[in-house]
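Here's the structure we're looking at; comments come further down.
The values are calculated or read from the model by the stated rules, or taken from the named source; none is laboratory data. Worth saying up front: this structure is predicted, and the values here are computed from it rather than measured. Note that each Cβ is placed from the backbone with ideal geometry, even for glycine, and that neighbours are counted across all protein chains shown.
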Amino acid sequence: MSYAYLFKYIIIGDTGVGKSCLLLQFTDKRFQPVHDLTIGVEFGARMITIDNKLIKLQIWDTAGQEAFRSITRSYYRGAAGALLVYDITRRETFNHLTTWLEDARQHSNSNMVIMLIGNKSDLESRREVKKEEGDAFAREHGLIFMETSARTAANVEEAFINTAKEIYEKIQEGVFDINNEANGIKIGPQHSPSNASLPPGSQSSSPSSGCC
Amino acid sequence: MISEIKEAKQRKKVLQNQLKAEDELAHATKIWSQEILPKWNQMKSQRRTLELWWQGAPPCVRGKLWRLAISNDLNITHDLYGICVARAQERLNSTPGSTDSVCDSFRDADREASMELIQLDISRTFPHLCIFQKGGPYYDMLHCLLAAYVCYRPDVGYVQGMSFIAAILILNMDAPDAFICFANLLNRPCHRAFYSLDQPLMEAYYSTYNELLKENLPSLFAHFECSKLTPDLYLLDWVYTVFSKAMSLDVASRVWDVFLRDGEEFLFRTAIGVLHLYQDSLLNMDFLSGSKFLTKLPDDLTAAQLFKSISSVHTIISKRSFGQILASQTHPSDK
């Protein structure tokens with residue numbers, strides 16, 4: 001299936017907040033109560049439609065332990081969107097958001113769209129972080145915000161898709177230079193008006209065969 | 001009628017193969033336990049031992065073989081393990097913020113290298129086996145071992161991925177021996193570099209691996225270069241867990257056998273063996289499919305396929321050994 005655009009996403013946040021579960025719910029529409037530990041990075045992909053255009057999301061799901069930050073930093077490069085996740089039942093994961101945000105801002109493209117996600121909204125009885133707090137943090141730092149549940153799938157689609165909508169709007173406004181792959185956006189194989197304007201390598205980037 | 005006869009023949013053949021495999025296993029077990037292991041120092045480098053070793057250790061001698069192969073350069077005693085466990089226990093029971101903890105060095109250790117994180121990760125270690133989860137038979141054992149290690153090496157602390165190494169050892173030996181093997185394994189150069197996240201040294205390992213990949217599978221190397229599928233994306237997980245997360249337990253145990261025979265070089269040889277086995281598919285995959293494939297290998301990978309593939313991988317390039325290539329990467333001026 002050929003797409004109009006490919007967006008690279010990165011999912012970040014403390015360990016155990018549900019990053020891999022959010023990804024699995026979004027790509028496979030299922031929930032695994034006990035997910036394998038993520039070491040380094042794992043990958044996911046899904047097609048979505050925005051404004052009648054097919055968009056492929058290439059999602060990098062990173063390890064959350066602080067020790068790995070030095071490694072995951074290099075994965076921000078070329079990301080168009082980031083999902084910054086905390087766990088509403090563990091206050092410390094919310095307290096660490098500032099460090100995550102600093103890291104993300106410092107190592108990514110300045111136009112990267114960041115979506116703040118308070119996950120595990122199904123565990124209301126164990127809630128330690130109020131929704132208003134998430135809201136306030138997002139407003140203060142200019143992020144989009146949502147509470148999600150990877151278990152019930154509540155808001156999971158919306159979180160991934162709204163991020164893409166924001167990126168798409170930025171493309172329409174001309175904020176993103178789509179010919180520069182460092183922005184985390186690639187033009188799909190059939191979509192380009194003229195192949196000559198494409199950077200080398202993207203001309204033959206059909207989803208099945210990759211490169212060369 | 002004919003199909004019934006065929007089926008019966010098929011069943012007979014399967015049964016015969018099973019019997020043959022059982023005979024071979026019994027024979028190998030006898031050689032290992034009666035001839036090789038009792039005279040380990042004499043026997044360990046003999047050609048016959050090395051050949052038998054390549055074929056995989058029988059599960060019942062595995063624990064003993066691994067202990068001997070890893071050895072105990074750090075001279076850790078069972079008593080020391082007991083002391084570390086007791087300290088860890090004390091820390092677990094002490095309320096946060098109290099000053100009577102024995103392990104004061106923890107205070108300086110990374111905040112996340114804590115007991116809570118270990119607890120969180122234990123249930124995420126081989127979840128499908130259902131033995132390391134809370135209430136499972138090995139939960140406490142794995143927990144104690146990792147907590148004891150944090151007490152033993154507060155400077156390293158707990159790093160995600162360690163639980164897989166510890167779990168594999170626990171499945172093959174009792175807790176104090178598993179601890180001794182664990183600490184000694186993690187003290188070897190490759191795992192020490194990776195678990196302390198020594199990036200320049202990790203890069204040296206990646207570059208060495210890339211040289212081997214280029215030599216063994218030039219077209220796949222070129223394809224990966226072009227699609228920007230870099231080794232760190234999949235090698236980290238393989239090195240951290242010695243393939244125990246990527247492969248089934250049976251196949252991973254076979255890899256462990258020869259890893260403990262050949263050392264760190266075998267980690268990278270196995271990695272190229274995996275790539276060699278799936279080369280045709282990988283050559284047709286783009287960045288995303290390729291990286292997804294390598295971070296989650298097919299479930300039906302068998303030891304026979306893998307080892308056949310690994311045996312075709314060579315680790316000497318223009319008379320330079322793995323160690324020499326690595327050394328030239330760590331000291332680029334010597335090139």
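A few notes on this one:
- Scanning the stretch A:3-17 for residues that are away from chain B (no Cβ under 13 Å) and among the aromatic types (Phe, Trp, Tyr) gives a single hit, A:Tyr5.
- Neighbours by Cβ (under 9 Å, 6+ apart or cross-chain): first from the stretch B:324-335, at negative phi; second at pLDDT below 75: B:Ala327/B:Asp334; B:Ser328/B:Asp334; B:Ser328/B:Lys335; B:Gln329/B:Lys335
- Single unsatisfied condition, B:Leu212 versus (1) more than 12 Å from the chain's Cα centre (by Cα); (2) surrounded by fewer than 22 Cβ atoms within 10 Å (Cβ to Cβ): (2)
- The test for being in a helix (DSSP H, G or I) and modelled with pLDDT of 95 or more does not hold for A:Phe7.
- Against the list (1) assigned to a loop (DSSP other than H, G, I, E, B); (2) touching a Gly at 6+ places or on another chain (Cβ under 9 Å), the condition B:Leu297 fails is (2).
- Odd one out for B:Ile316, checked against (1) surrounded by fewer than 21 Cβ atoms within 10 Å (Cβ to Cβ); (2) at pLDDT 95 or above: (2)
- Residue match in the stretch B:129-143 (condition: touching a residue at least 60 places away in the same chain (Cβ under 8 Å) and within 17 Å of B:Thr77 (Cβ to Cβ)): no
- In this structure, B:Lys30 does satisfy being without any contact (Cβ under 8 Å) to a residue 12 or more places away in the chain, basic (Lys, Arg) and within 12 Å of B:Val61 (Cα to Cα).
- Selection status of A:Arg73, at pLDDT below 95, under 16 Å from A:Ile114 (Cβ atoms) and either outside any strand (DSSP E or B) or within 12 Å of chain B (Cβ to nearest Cβ) (or both): yes
- Qualifying positions in the stretch B:253-296 - among the aliphatic types (A, V, I, L, M) and either closer than 14 Å to B:Leu233 by Cβ or free of Cβ contacts under 8 Å to residues at least 60 places away in the same chain (or both): B:Val255, B:Ala271, B:Val274, B:Leu275, B:Leu277, B:Leu282, B:Met285, B:Leu288, B:Leu294
- Some residue of the stretch B:219-229 being surrounded by fewer than 18 Cβ atoms within 10 Å (Cβ to Cβ), among the charged types (D, E, K, R) and within 13 Å of chain A (Cβ to nearest Cβ): yes
- Scanning the stretch B:38-59 for residues that are loosely packed, with under 12 Cβ neighbours inside 10 Å, assigned to a helix (DSSP H, G or I) and not charged (D, E, K, R) gives B:Pro38, B:Asn41, B:Gln42.
- On inspection, B:Val251 passes the criterion of being under 23 Å from A:His35 (Cβ atoms), more than 14 Å from every other protein chain (Cβ to nearest Cβ), in a helix (DSSP H, G or I) and among the β-branched types (Val, Ile, Thr).
- Filter result (of a type outside the set (A, V, I, L, M, F, W, C) and surrounded by fewer than 21 Cβ atoms within 10 Å (Cβ to Cβ)) within the stretch A:91-103: A:Arg91, A:Glu92, A:Asn95, A:His96, A:Thr98, A:Thr99, A:Glu102, A:Asp103
- Here is the figure for the stretch A:20-70: residues that are surrounded by fewer than 21 Cβ atoms within 10 Å (Cβ to Cβ), facing chain B (nearest Cβ under 7 Å) and either closer than 27 Å to A:Lys170 by Cβ or of a type in the set (D, E, K, R) (or both) total 3.
- The stretch B:121-130: number of residues that are crowded, with 16+ Cβ neighbours inside 10 Å and farther than 13 Å from A:Gln32 by Cβ: 4
- Filter result (more than 13 Å from chain B (Cβ to nearest Cβ) and more than 14 Å from the chain's Cα centre (by Cα)) within the stretch A:76-90: A:Ile88
This table checks each residue for (1) closer than 14 Å to A:Glu42 by Cβ; (2) in a helix (DSSP H, G or I).
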site	(1), (2)
B:Phe243	no, no
B:Ser291	yes, yes
B:Ile310	no, yes
B:Val313	no, no
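- Output for the stretch A:51-110, where each listed residue is among the β-branched types (Val, Ile, Thr), out of contact with any Gly (no Cβ under 8 Å at 6 or more places or on another chain) and in contact (Cβ under 8 Å) with a residue 60 or more places away in the chain: A:Ile55, A:Thr72
- Selection status of A:Ser121, outside any loop (DSSP other than H, G, I, E, B), more than 22 Å from A:Lys53 (Cα to Cα), more than 17 Å from the chain's Cα centre (by Cα) and polar (S, T, N, Q): no
- Scanning the stretch A:19-28 for residues that are of a type outside the set (A, V, I, L, M) and within 18 Å of A:Asn162 (Cβ to Cβ) gives A:Lys19, A:Gln25, A:Phe26, A:Thr27.
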